[in-house]
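The values are calculated or read from the model by the stated rules, or taken from the named source; none is laboratory data. What you see is a predicted model, and the numbers here were worked out from it, not measured in a lab. Here Cβ is always computed from backbone atoms with ideal geometry, including for glycine, and neighbour counts include all displayed protein chains. Just the protein is used for accessible areas: all its heavy atoms, side chains included, with ligands, DNA and RNA removed. Shrake-Rupley method; radii C 1.70, N 1.55, O 1.52, S 1.80 Å.
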Amino acid sequence: MAHQNIFAGNPLDRAGDLRNDPDWLAEQAAKPYAQALVLWEGRPLIEETAQGPRLVWLSMTHARTLVRDREAFLGLWKDEPVFAIEFEGSIDPADGPVGGLGVFHDMRAAAALLPASDAAMAGGAKSLFDWRRRHGFCANCGALCETASGGWKRRCPACGTEHFPRVDPVTIMLPIYKGGAEPICLLGRQAAWAPGRMSALAGFLEPGESIEEACAREVKEEAGLTVVDTTYHSSQPWPFPSQLMIGLLAEVSDDQAAPDQTELESVAWLTRAEARAVLDGDHPTISAPPPFAIAHSLIRAWVEEA
Ligand SMILES: [Zn+2]
């Protein structure tokens, strides 16, 4: 079984064919057990339960009295329909229409709190609503688009073009050098990060590039190193706003790393023992990416490989 990162593991059947039928969707929303999770500007509504923090679920009937036009069909849980609604605006709905039901958490905080299945459903819904908010108008002719397929499509009434939610692939890699006394991995640091934070290297794929090529280009651009072998580890849907992180271990030809001073202000080579100390919070100067980030999983995978 492949490693599963946070925001993966959505337990729903997306019912990709059925959701194209507006009559079927209307039937689902009207079912007595139809439920909706609740977002406010990308933040999920979370309640404390005896089992720990969980998403708050509203009946769809109730949800539709609160939010009229911002709902999405997420899929079926067994045979029961699952939706999401999103509040917009600057006023916290937990002080108003959903008062007393829970607290809206930033999605990064939620990722650390929620069970994997809850985080996956909320993250997917956030990406979908983010896309809808940013793609109101037809990229082909400029007309206002209509939502279709339960939120998974935008259709242009003027030119007929259909638009689908975008996912932006990003390679994220841990450079490894095996030619020295013991294997070492490279972490990089962006100037904007909190003091001490270091992480894996990353970059968007460009048109016409394979995953391996994007990985090699980014490692060369950011750290001046030549990738000689690429190993896939795992991937992660990353809802900020909608990326697919493709996690790789990248063996490089030498250890002469030079940060480009644009993306990276510094880099550091770490032995397995040093990388383990970073993950455990025991390193004197370097702090790790948070456990819900795929970079953390990559470092851990390498540390535990030996
Ligand atoms: Zn159009």
The chain - mean residue ellipticity at 222 nm from DSSP helices (-39,500 (n - 2.57) per run, n ≥ 4, rounded to 500): -7000 deg cm²/dmol
With all protein chains modelled, accessible area of ILE172 [1.4 Å, Å²]: 10
Solvent-accessible area of TYR177 with every protein chain in place, 1.4 Å probe, in Å² to the nearest 10: 40
Shape metrics for the chain, restricted to C-alpha atoms - Rg then Dmax, Å: 21.8, 66
Positive dipole terminus of the chain, leading residue within PRO93, SER127, ASN5 (C-beta point charges): PRO93
Overall form of the stretch 1-151 per C-alpha gyration tensor (a/c, 1.5; a/b vs b/c): rounded
Rounded FRET efficiency, nearest 0.05, which uses the C-beta distance separating ASP21 from ALA112 and R0 of 41 Å: 0.60
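Decide, for the stretch 116-163, between rounded, prolate and oblate: order the square roots of the alpha carbon gyration tensor eigenvalues as a ≥ b ≥ c, take rounded if a/c falls under 1.5, and otherwise choose prolate if a/b is larger than b/c, else oblate. Could you put the intermediate results ahead of the total?
Numbers: a/c = 4.19, a/b = 2.65, b/c = 1.58.
The shape class here is prolate.
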Probe 1.4 Å - accessible area at ILE46, Å² to nearest ten: 10
Under 5 Å, built H, 5+ apart or other chain: amide partners of THR161: CYS156
Computed label-point distance, nm, for sites TRP77 and LEU101 using a 7 Å Cα→Cβ extension: 1.4
Residue-span extension gain [LEU144 to GLU221] - 0.36 nm each, minus C-alpha spacing: 23.7 nm
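Give me the percent of DSSP beta bridges within the stretch 11-159 that run antiparallel, rounded to the nearest 5.
Taking every DSSP beta bridge within the stretch 11-159, about 80 percent pair in antiparallel fashion.
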Residues of type lysines that LYS78 reaches as a straight line, Cα spacing below 23 Å, ignoring anything fewer than 8 places off in the same chain: LYS31, LYS126
Where LYS31, LYS78 fall by accessible area, highest first, once all protein chains stay in place (1.4 Å): LYS78, LYS31
Given charges at beta-carbon only (K, R positive; D, E negative), |dipole| of the chain in Debye: 760
For the chain, accessible area per residue (1.4 Å probe, heavy atoms of protein chains only), Å²: 48
